[in-house]
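The values are calculated or read from the model by the stated rules, or taken from the named source; none is laboratory data. For clarity, every value in this text was computed on a predicted model and none was experimentally measured. Every residue, glycine among them, receives a Cβ derived from its backbone with ideal geometry; neighbour counts consider all protein chains shown. With ligands, DNA and RNA removed, areas are computed over all heavy atoms of the protein, side chains included. Shrake-Rupley method; radii C 1.70, N 1.55, O 1.52, S 1.80 Å.
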Amino acid sequence: MIVVLFGPPGSGKGTQAAGVAAHLGVPHIATGDMLRAEVERGSALGREAAPIMEAGQLISDDLIIRVMGSRLAEPDAAAGALLDGFPRTVAQAEALDALLRSRGRAVDEVFLLQVPDDVLLERVLKRAAEEGRADDTAATFGRRLAAYRDETEPVLGHYRRERVPVVTVDGVGTVEGVAERIHAALPRPHQLGQAS
Ligand code: ADP
């Protein structure tokens, strides 16, 4: 089961992902978390990515596709994955399709968390106060949202063209309320072919 959790910065993907991944029995793979860990570690990849992330821009397709290619080849992803923050461009979506196709698989479902811009900004500024993420400032948020509209939103059109189900979930409300709406829309375990 390959599920893509999709939505603008601040829409709650990271908050909701653990529960969804546990339900599906697949690992939660978040490119933002992976990149931040590389920055923390001071690796070559981290040093390359840090200034780009701080500016609210996207790191290159080539680089992130390589990172994800090796991550998806790890044994825990054999049963599938919940992808958070990837694919973020149509080129990344096409690369993911090709990678999965070579293993006889495909993206099964896309969950779109829908949240209006003013609520997004409010949440990101709150997260800045709590966690101090370098890219959670009002100025950088504007650039991240622009990158989402220009480069990431077209990925939805790609999946619709490919006839991958895109499920829209209202992402406004409490963490528990949104979790309930996502869970109501998730495939049930028996539909996933798991013993329950
Ligand atoms: P958010 O929660 O704001 O959507 P993430 O934590 O997913 O942000 O990602 C933070 C930053 O990491 C992005 O703004 C971007 O610079 C970089 N990044 C993460 N995933 C990708 C990707 N698939 N392609 C390019 N850049 C990425």
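Pop out the ³J(HN,Hα) list for segment 126-137 in order, Karplus 6.51 cos²θ - 1.76 cosθ + 1.60 with θ = phi - 60°, rounded to Hz; leave Gly and Pro as x.
Running phi through 6.51 cos²θ - 1.76 cosθ + 1.60 with θ = phi - 60° gives 5, 5, 4, 5, 7, 10, x, 5, 4, 9, 9, 10 Hz.
Leaving out ligands, DNA and RNA, what percent of the accessible area of the chain is carbon and sulfur, probe 1.4 Å? Let's see the in-between values first.
Details: 5060 of 9650 Å².
C and S fraction of accessible area: 52 percent.
Using 0.36 nm per residue of separation minus the Cα-Cα distance, give me the extension gain between Glu94 and Arg160 in nm, one decimal. Don't skip to the answer; put the middle values down first.
Details: separation 66, 0.36 × 66 = 23.76 nm, distance 1.31 nm.
Full extension from Glu94 to Arg160 adds 22.5 nm.
Could you run the Debye sum over the Cα atoms of segment 71-196, one equal point scatterer each and no solvent, and tell me log10 of I(q)/I(0) at q = 0.11, 0.19 Å⁻¹, two decimals?
-0.50, -1.30
Counting helices only, and only those DSSP H runs with n ≥ 4, report the 222 nm mean residue ellipticity of the chain as the sum of -39,500 (n - 2.57) divided by its residues, in deg cm²/dmol to the nearest 500. Intermediate results must be reported in sequence, preceding the final value.
Values: 9 runs with 102 residues, N = 196.
Counting only the DSSP helices, I get -16000 deg cm²/dmol.
Could you run the Karplus curve 6.51 cos²θ - 1.76 cosθ + 1.60 with θ = phi - 60° over segment 163-177 and give me ³J(HN,Hα) per residue in whole Hz, x for Gly and Pro?
Values per residue, Gly and Pro as x: 6, 8, x, 10, 9, 9, 10, 5, x, 8, x, 6, 4, 5, x Hz.
Could you tell me what fraction of 2.2 N^0.38 Å the Cα radius of gyration of segment 98-172 comes to, as a two-decimal ratio? Mind dumping the intermediate values first?
Details: Rg = 15.6 Å, N = 75, 2.2 N^0.38 = 11.3 Å.
Here the answer is 1.38, to two decimals.
What accessible area per residue, rounded to a whole number of Å², is obtained for segment 1-151 using a probe radius of 1.4 Å? Intermediate values should be presented prior to the final figure.
Working: 6890 Å² over 151 residues.
Per residue, segment 1-151 has an accessible area of 46 Å².
List the residues whose amide H sits under 5 Å from the amide H of Ala81, counting only those 5 or more places along or on another chain, with H placed 1.01 Å from N in the peptide plane.
Ile2, Val3
Report, in debye and to the nearest 20, how large the dipole of segment 1-83 comes out about its Cα centre when Lys and Arg carry +1 and Asp and Glu carry -1 on their Cβ. Intermediate results must be reported in sequence, preceding the final value.
On the way: 6 positive and 9 negative charges, 24 e Å.
Charge dipole, segment 1-83, about its Cα centre: 120 debye, nearest 20.
When the Karplus curve 6.51 cos²θ - 1.76 cosθ + 1.60 is applied with θ = phi - 60°, which whole-Hz ³J(HN,Hα) does each residue of segment 46-53 get, with x for Gly and Pro?
Taking θ as phi minus 60°, the curve returns x, 5, 6, 7, 3, x, 5, 5 Hz for segment 46-53.
With charges set only on the Cβ (+1 for Lys and Arg, -1 for Asp and Glu), what does the dipole of the chain come to about its Cα centre, in debye to the nearest 20?
Working: 22 positive and 28 negative charges, 81 e Å.
For this selection, approximately 380 debye.
If one computes the Cα centroid of segment 164-185 and of segment 22-43, what distance in Å separates the two points?
One Cα centre to the other: 22 Å.
Probe radius 1.4 Å, ligands and nucleic acids left out: which of Thr15, Thr31 has the largest accessible area, and how do the rest follow?
Values: Thr15 90, Thr31 5 Å².
Solvent-accessible surface, decreasing: Thr15, Thr31.
Which values of log₁₀ I(q)/I(0), to two decimal places, follow from the Debye formula for segment 1-142 at q = 0.09, 0.15, 0.17, 0.20 Å⁻¹ with a uniform point scatterer at every Cα?
-0.28, -0.79, -1.02, -1.37
In nanometres, what is the gap between the two model label sites at Arg47 and Asp62, each 7 Å from Cα along Cα-to-Cβ?
For Arg47 paired with Asp62, the spin-label model returns 1.9 nm.
Most mobile of Arg36, Arg144, Arg101 per a Gaussian network model of the chain (Cα springs, under 10 Å)?
Maximum fluctuation in the GNM of the chain, among the listed residues, is at Arg101.
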